[in-house]
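Beneath this line is the structure, given in structure tokens, with notes to follow.
The values are calculated or read from the model by the stated rules, or taken from the named source; none is laboratory data. Everything numeric in this text was worked out from a predicted model, so none of it was measured. When we count neighbours, we look across all protein chains shown, and the Cβ atoms used for this are built from the backbone with ideal geometry, even at glycine. Ligands, DNA and RNA are stripped out before the accessible areas are found, and what is left, the full protein with its side chains, is counted by its heavy atoms. Shrake-Rupley method; radii C 1.70, N 1.55, O 1.52, S 1.80 Å.
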Amino acid sequence: MNRRQFLKWTGFVTVSTVGPALLAGCNSSDDDAALPLTIPCKFPQSIASGDPAANSIMLWTRVVPADADDVVSARAADIAVRLVISSSDQSALLGSNKPLAGTIVHEVALSAKADWDHTIRHKVEGLKPATTYFYQFIAGSSISRVGRFKTAPAVDADVNKLRFAYLSCQDWSINHWAGFTSLASEELDFVVHLGDYIYETVGEDFQKGAVEAAHATIKLPDGPFKNGKDGARFANTTADYRTLYKQYRSDVRLQAVHERFAMIAIWDDHEFSDDCWGDSTTYDNGSFDAKTGKADNKHETERRRSANQAWFEFMPADVKFDITDKGFQNIRLYRDFRFGQLLHLVMTDQRLYRADHVIPEAAAGSSIGSRYMVPTAVLAGAEAQKIAAAKPSGDELALVSILGKTQRDWWQNTMKASTATWKLWGNEVSLLKMCVNGKSLTAAPKDFQTEIILNADQWDGYNAERKALMQFLSSNQIKNVVAITGDIHSFYAGQVYDDYASGKPVMIDLVTAGISSDSFYSYFVKAVSDKSFAAVQPLVFTSEAAAEGIAIQMISAGVAMQAGLTDLSNTAAIAAAVKGAIAAGKLPAAAVTPAAGLSATAVNTFNETLAGNMGTVIGGQIAALAAAGRSVAAQTLYGMIAQQLASAMGITTAQVPAAEVVKRLNPFANQAAGTPPAVNNPWIKYADTDAQGYTVLELTADGLKAEFRKISRLEGSVAPQKAVSSVKTITVKAGSLDLTFTD
């Protein structure tokens, strides 16, 4: 590579320092034989700022000829641009195209280069700490909107309070983006984005639901079909990934957030490919050799490099990227930020360095049994084998790692050295164990009648490394560590244990829902709607009609047991026992006949499956149907339980406390004692699995307050006027791992 070409690719990021000289040129070199053109221009993706430090900021824009398409890359030459920064309060001009006024503290000449899709990412140094600045880009007579950013406090500053928002999972093709309007109106110091800023696919099944009319279908310039010759397409080239960022950033509501707050961003999987690891994709199961036990996914190095480049071009992040490096790890995203003595924010990259899933897709036959719905014992066994295989390498976690050794060491050293009151971890995938104990599901497939990990693509699938990190915090007595997390399209709050099998909590995980995505609940509704998973459907959702169906099953099982049947998996024998009871006049036929008019509207039971006593919603529905006289089956079951209790207690059925009956209407409860099943995940203190939204977090030296802002539903094809439907507030005192909740 000659020097001219090297400068062409490495001169994208420019730097200037605030000082007395204005219009200081930067990025000049003998490569610039021709001056950049000055032509009528526009800024179709507006402006953005990112990575605020005490003395610096990264500023971004994209400028194209006025007659160019907003998304399709313009074939123009480089464009001359000026950046202007003011220290005066320009709040009245924020978000407008009016010329920036007040005290101009910095002005610099830049160039929007065609090779980088006419984007500019310019770092300004020499700024004052804890100071609000306003900025604007100018191309000839064309001016951008006015933006605002706030620098971080000095590292040694005594900061009273910090307030920021964090978000993730903004799918252009799902729901609505009114949440960004609400987010832009918040009083914040900065914003954190935890990944899935874009979704690499267009037309996936999960993207075919309701979406606001304001979001037209995205057309990828090169994207091939994901499966065969029709259906979903996926980003495959730099042009494809650029298109996604440009289309997403064309929404004025997202633009408003970028114009108002500096953003600290990391990626997750969809900036490259769903559930990816390194440069490997999971669109197919990959390969598996049963003789050697070796498995692998498809490696797409050039596609990964394209994704890296587009992220670098469009995100205002102060990170290292080397396009001349021919590998896929040519960008480093993990980094940390200090906000005085109050906050140390540590951002990690959990995709570029991660190992293959502990159980490869090809070995399991599909994502089920590999990434999702994996028996805990099977997962643990496979992980132990990989740890043993990696020991000779000097890093026994090498084959079961999300972070990779270099980043893991950096994380540990950074956490240990931090003197800040709060250590917050920008963490893409949840640290909270999410399992279901299927032992009480006698009607479920045998493989499900054990403890099942729901999502092994998150930290549950890399348990050994999670334990190592948590035990590091514990042994070094590192306090006030809180993960801020995205990815799983739900709100969760809970405690992270150093060992979920027999350990203790050492930190907290606060998981925000996707701001615009299908919810975690909706994915499982689709999964258990398949006939093969019908037996586990009550763990995800129920309805009046479904609850009555369970009441009928409980009646039938009771009748069969009274007839001496012990094998309750023998459905034919149960049916025969019920038929005999009806013929003998012991059971009315209506008791096992579905009632007309009951609602089939789904009611969420997934929340309590993950963070409560299973079956309480179903039991409550059966009780309500019995009390209202709307279901003979519910009334019969209620009466049968009351009679059994009356006989056991030596009282009349009228004297049996209703609460004792209701306890036993829970299909998963111990019928003799009325005790509910154990909570699957007692460390999860709050779960809302059917939600979209974002989180606002406020820090003081005394404590933390997080507000889960849940977004209202789409109204037809129009975003709702009132974006936020509810707020759940979580507070944590400094030095404590207890969470307190209020609405």
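Can you tell me which of ASP487, ASP499 is part of a loop (DSSP other than H, G, I, E, B), in contact with a helix residue (DSSP H, G or I) (Cβ under 8 Å, 6 or more places away or on another chain) and either open to solvent by less than 10 Å² (accessible area, probe 1.4 Å) or among the charged types (D, E, K, R) (or both)?
ASP499
Residue by residue through the stretch 179-217, note down the ones that are within 30 Å of MET347 (Cα to Cα) and assigned to a strand (DSSP E or B).
PHE190, VAL191, VAL192, HIS193, THR201, VAL202
Which residue is modelled with the lowest pLDDT, if the candidates are limited to the stretch 451-486 and must be more than 29 Å from TYR694 (Cα to Cα) and not hydrophobic (A, V, I, L, M, F, W, C)?
Restricting to residues being more than 29 Å from TYR694 (Cα to Cα) and not hydrophobic (A, V, I, L, M, F, W, C), the top hit is GLU451.
Please determine, by comparing only the residues of the stretch 61-78 that are outside any loop (DSSP other than H, G, I, E, B) and touching a His at 6+ places or on another chain (Cβ under 8 Å), which one is nearest to SER144 (Cα to Cα).
Only one residue fits best here, namely ARG62.
Working only within the stretch 71-108, note down all residues that are β-branched (Val, Ile, Thr), surrounded by fewer than 18 Cβ atoms within 10 Å (Cβ to Cβ) and more than 17 Å from GLU125 (Cα to Cα).
VAL72, THR103, listed by residue number.
So in the stretch 237-278, with the set limited to residues that are among the aliphatic types (A, V, I, L, M) and either in contact with a helix residue (DSSP H, G or I) (Cβ under 6 Å, 6 or more places away or on another chain) or part of a helix (DSSP H, G or I) (or both), which one is nearest to LEU424 (Cα to Cα)?
Restricting to residues being among the aliphatic types (A, V, I, L, M) and either in contact with a helix residue (DSSP H, G or I) (Cβ under 6 Å, 6 or more places away or on another chain) or part of a helix (DSSP H, G or I) (or both), the top hit is VAL257.
Which of the residues belonging to the stretch 155-195 are in contact with a strand residue (DSSP E or B) (Cβ under 7 Å, 6 or more places away or on another chain) and among the acidic types (Asp, Glu)?
If the condition is that a residue be in contact with a strand residue (DSSP E or B) (Cβ under 7 Å, 6 or more places away or on another chain) and among the acidic types (Asp, Glu), then ASP171, GLU186, GLU187, ASP189 are the ones that fit.
Test LYS423 against the stated conditions and say whether it is among the charged types (D, E, K, R), open to solvent by 50 Å² or more (accessible area, probe 1.4 Å), at pLDDT 95 or above and under 25 Å from the mean Cα position of the chain (by Cα).
Spelling it out, it is not the case that LYS423 is among the charged types (D, E, K, R), open to solvent by 50 Å² or more (accessible area, probe 1.4 Å), at pLDDT 95 or above and under 25 Å from the mean Cα position of the chain (by Cα).
Look through the stretch 661-693, keep the residues that are under 28 Å from ASP518 (Cβ atoms) and hydroxyl-bearing (Ser, Thr, Tyr), and return whichever of them is surrounded by the fewest Cβ atoms within 10 Å (Cβ to Cβ).
Taking the candidates together, the pick is TYR686.
Filter the stretch 54-70 down to the residues that are over 16 Å from ALA112 (Cβ atoms) and open to solvent by less than 30 Å² (accessible area, probe 1.4 Å), then identify the one that is nearest to the chain's Cα centre (by Cα).
ILE57
Scan the stretch 661-684 for residues that are small (Gly, Ala, Ser) and either in contact (Cβ under 8 Å) with a residue 40 or more places away in the chain or assigned to a helix (DSSP H, G or I) (or both) and jot them down.
Within the stretch 661-684, ALA669, ALA678 qualify.
Scan the stretch 222-246 for residues that are under 21 Å from the mean Cα position of the chain (by Cα) and either open to solvent by 20 Å² or more (accessible area, probe 1.4 Å) or of a type in the set (Phe, Trp, Tyr) (or both) and jot them down.
PHE234, TYR241, TYR245
Suppose the filter is within 24 Å of TRP177 (Cβ to Cβ) and open to solvent by 60 Å² or more (accessible area, probe 1.4 Å); does GLN721 pass it?
yes
Being under 15 Å from GLU259 (Cβ atoms), open to solvent by 10 Å² or more (accessible area, probe 1.4 Å) and either touching a helix residue (DSSP H, G or I) at 6+ places or on another chain (Cβ under 8 Å) or of a type in the set (A, V, I, L, M) (or both) is the filter here; which residues of the stretch 184-209 pass it?
Across the stretch 184-209, the qualifying residues are ALA184, LEU188.
Which condition breaks for SER475 when tested against (1) among the hydroxyl-bearing types (Ser, Thr, Tyr); (2) in contact (Cβ under 8 Å) with a residue 24 or more places away in the chain; (3) open to solvent by 10 Å² or more (accessible area, probe 1.4 Å); (4) closer than 30 Å to THR731 by Cβ?
Unmet condition: (2).
Scan the stretch 361-372 residue by residue and report those that are hydroxyl-bearing (Ser, Thr, Tyr) and surrounded by fewer than 23 Cβ atoms within 10 Å (Cβ to Cβ).
Scanning the stretch 361-372 gives SER366, SER367, TYR372.
For the stretch 282-292, name all the residues that are in contact (Cβ under 8 Å) with a residue 12 or more places away in the chain and either touching a strand residue (DSSP E or B) at 6+ places or on another chain (Cβ under 7 Å) or loosely packed, with under 15 Cβ neighbours inside 10 Å (or both).
Across the stretch 282-292, the qualifying residues are TYR283, ASP284, GLY286, SER287, PHE288.
Every residue, every condition in (1) open to solvent by 10 Å² or more (accessible area, probe 1.4 Å); (2) free of Cβ contacts under 8 Å to residues at least 60 places away in the same chain, yes or no:
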{"position": "LEU379", "(1), (2)": "yes, no"}
{"position": "ALA388", "(1), (2)": "yes, yes"}
{"position": "PRO392", "(1), (2)": "yes, yes"}
{"position": "LEU432", "(1), (2)": "no, no"}
{"position": "LYS439", "(1), (2)": "yes, yes"}
{"position": "GLN449", "(1), (2)": "yes, yes"}
{"position": "ASP457", "(1), (2)": "no, no"}
{"position": "ASN463", "(1), (2)": "yes, no"}
{"position": "ALA468", "(1), (2)": "yes, no"}
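Would the stretch 259-280 turn up any residue that is over 25 Å from GLY223 (Cα atoms) and either of a type in the set (Ser, Thr, Tyr) or modelled with pLDDT under 95 (or both)?
No - not one qualifying residue is present in the stretch 259-280.
Based on what the data block shows, is ALA546 of a type in the set (A, V, I, L, M, F, W, C), in contact (Cβ under 8 Å) with a residue 24 or more places away in the chain and part of a helix (DSSP H, G or I)?
Criteria met by ALA546.
In this structure, does ALA687 turn out to be outside any strand (DSSP E or B) and either hydrophobic (A, V, I, L, M, F, W, C) or free of Cβ contacts under 8 Å to residues at least 40 places away in the same chain (or both)?
no
Could you tell me whether VAL358 is in contact with a Ser or Thr (Cβ under 8 Å, 6 or more places away or on another chain), open to solvent by less than 10 Å² (accessible area, probe 1.4 Å), closer than 16 Å to GLY404 by Cβ and modelled with pLDDT of 95 or more?
Answer is no for this residue.
Of everything in the stretch 295-332 that's under 24 Å from MET58 (Cα atoms) and acidic (Asp, Glu), which residue is surrounded by the fewest Cβ atoms within 10 Å (Cβ to Cβ)?
ASP325
Could you list all residues from the stretch 517-538 that are within 10 Å of ASP690 (Cα to Cα), in contact with a Ser or Thr (Cβ under 8 Å, 6 or more places away or on another chain) and part of a helix (DSSP H, G or I)?
PHE520, TYR521
Mind checking which pairs have a first residue in the stretch 726-739 that is open to solvent by less than 30 Å² (accessible area, probe 1.4 Å) and a second that is in a loop (DSSP other than H, G, I, E, B), Cβ under 8 Å, 6 or more apart or different chains?
Close Cβ pairs satisfying both conditions: THR729/ASP743; ILE730/LEU739; VAL732/ASP738; VAL732/LEU739.
So is ALA626 hydrophobic (A, V, I, L, M, F, W, C) and in contact with a Gly (Cβ under 9 Å, 6 or more places away or on another chain) or not?
Judged against the criteria, ALA626 is a match.
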